[in-house]
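J.: The structure that follows is given in the form of structure tokens.
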Amino acid sequence: MLKKWLLPLVLLSNATLSLAADEEIQVYEDDLSAPGQFGVDVHNNFVVSGSGTPSYAGEQAPLHVYRLTPEFYYGLTKTVELGLYLLTTRDPEGGAHVEGSKVRVKYVPEHDAEHGFYWGANLEVGKTTTRVSEEPWNGQLKGIFGYRTGPWTLAANPNLDWSLSPGGGPAKFGVDVKVAYAVTDRTKLGVESYNEWGPVSDLGPLDGYAKSLYLALDHDFGGVDLNVGVGRGLTRAADDWTIKFIVGTHF
């Protein structure tokens, strides 16, 4: 089953379709692998319209760059999940690049998965090339907060990002939000909002950092999950148009 679904993605990555967009464009919710269970998500995004000029020396400008990021994860306990990202990109000229790796640990306390409030946290540390990050060593602490009532789901991730490289810049803050409506027991439609706010010591102005809005669809095929979206940049610092999809399964 896994090979059946991953093969088309591998072929796609070798076609004509990896950057200023993050390696994963996703609002974290309360999903965790069961103890002893492995899973994989394949994150894909492509900047259709955006800047063709690097924002710092050594960066790959985002325009027409495709990012393919396999994410492997394992349920350690009922409340803790471990993960590993492998970052790759494909530039507009067709060159493929390995851009680094990241590890994460996700914690979500036990709760009612169908109704009410939940919370959790995700800690991530990794090293990337300067093509995708100005500072190679980075960390992120992501808050996970959500609420379900009837067919509605609201999720929010306040994010704290900082550099682990010597002489790295100040810690930065951002907030990602998702509102989704279940049209069937397997399909949700919604919007996802990704918002950078700048250094913690000097937040804003509102239009000075990247902010994007996505129309998104989530569907459960029965053992395989899909999240697909089309995003529009709301500020000059964001890419104009980005498409993304994530395919995941357990094994």
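The values are calculated or read from the model by the stated rules, or taken from the named source; none is laboratory data. These numbers come from a predicted model, not from an experiment. Neighbour counts run over all protein chains shown; Cβ positions are idealised from the backbone, glycine included.
J.: Can you name every residue in the stretch 218-251 that is among the acidic types (Asp, Glu), outside any loop (DSSP other than H, G, I, E, B) and surrounded by fewer than 18 Cβ atoms within 10 Å (Cβ to Cβ)? Before you say what the answer is, go through the steps one by one.
T.: Looking only at the stretch 218-251, we keep the residues that are among the acidic types (Asp, Glu), and these are 218, 220, 225, 239-240.
Restricting the remaining residues to those that are outside any loop (DSSP other than H, G, I, E, B) gives 218, 220, 225.
Selection gives 220 alone.
J.: Looking only at the stretch 139-164, how many residues end up being exposed (fewer than 14 other Cβ atoms within 10 Å of the Cβ) and either modelled with pLDDT under 95 or among the polar types (S, T, N, Q) (or both)?
T.: Number of matching residues: 2.
J.: Turning to a different aspect of this structure: Does residue 215 count as surrounded by fewer than 15 Cβ atoms within 10 Å (Cβ to Cβ), modelled with pLDDT of 95 or more, closer than 26 Å to residue 48 by Cα and touching a strand residue (DSSP E or B) at 6+ places or on another chain (Cβ under 7 Å)?
T.: The answer is yes for residue 215.
J.: Given the structure, is residue 182 of a type in the set (Gly, Ala, Ser) and within 17 Å of residue 154 (Cβ to Cβ)?
T.: Numbers: of a type in the set (Gly, Ala, Ser): yes; within 17 Å of residue 154 (Cβ to Cβ): yes.
So residue 182 passes the test.
J.: Please go through the stretch 171-212 and give me each residue that is outside any strand (DSSP E or B), in contact with an Asp or Glu (Cβ under 8 Å, 6 or more places away or on another chain) and farther than 17 Å from residue 235 by Cβ, ordered by number. Give the derivation first.
T.: From the stretch 171-212, those outside any strand (DSSP E or B) are 171, 183-186, 200-210; that's our starting set.
This time we only want the ones that are in contact with an Asp or Glu (Cβ under 8 Å, 6 or more places away or on another chain), so: 171, 186, 209-210.
Of everything in the stretch 171-212, those that are outside any strand (DSSP E or B), in contact with an Asp or Glu (Cβ under 8 Å, 6 or more places away or on another chain) and farther than 17 Å from residue 235 by Cβ turn out to be 171, 186.
J.: May I ask you to verify whether residue 43 is under 20 Å from the mean Cα position of the chain (by Cα), surrounded by 15 or more Cβ atoms within 10 Å (Cβ to Cβ), closer than 22 Å to residue 214 by Cα and not basic (Lys, Arg)? Spell out the reasoning first.
T.: Details: under 20 Å from the mean Cα position of the chain (by Cα): yes; surrounded by 15 or more Cβ atoms within 10 Å (Cβ to Cβ): yes; closer than 22 Å to residue 214 by Cα: yes; not basic (Lys, Arg): yes.
It is true that residue 43 is under 20 Å from the mean Cα position of the chain (by Cα), surrounded by 15 or more Cβ atoms within 10 Å (Cβ to Cβ), closer than 22 Å to residue 214 by Cα and not basic (Lys, Arg).
J.: Report every pair of residues separated by at least 6 positions or lying on different chains whose Cβ atoms are under 6 Å apart, first residue within the stretch 33-50 and among the aromatic types (Phe, Trp, Tyr), second modelled with pLDDT of 95 or more.
T.: Within 6 Å, the pairs are 38/74; 46/66; 46/243.
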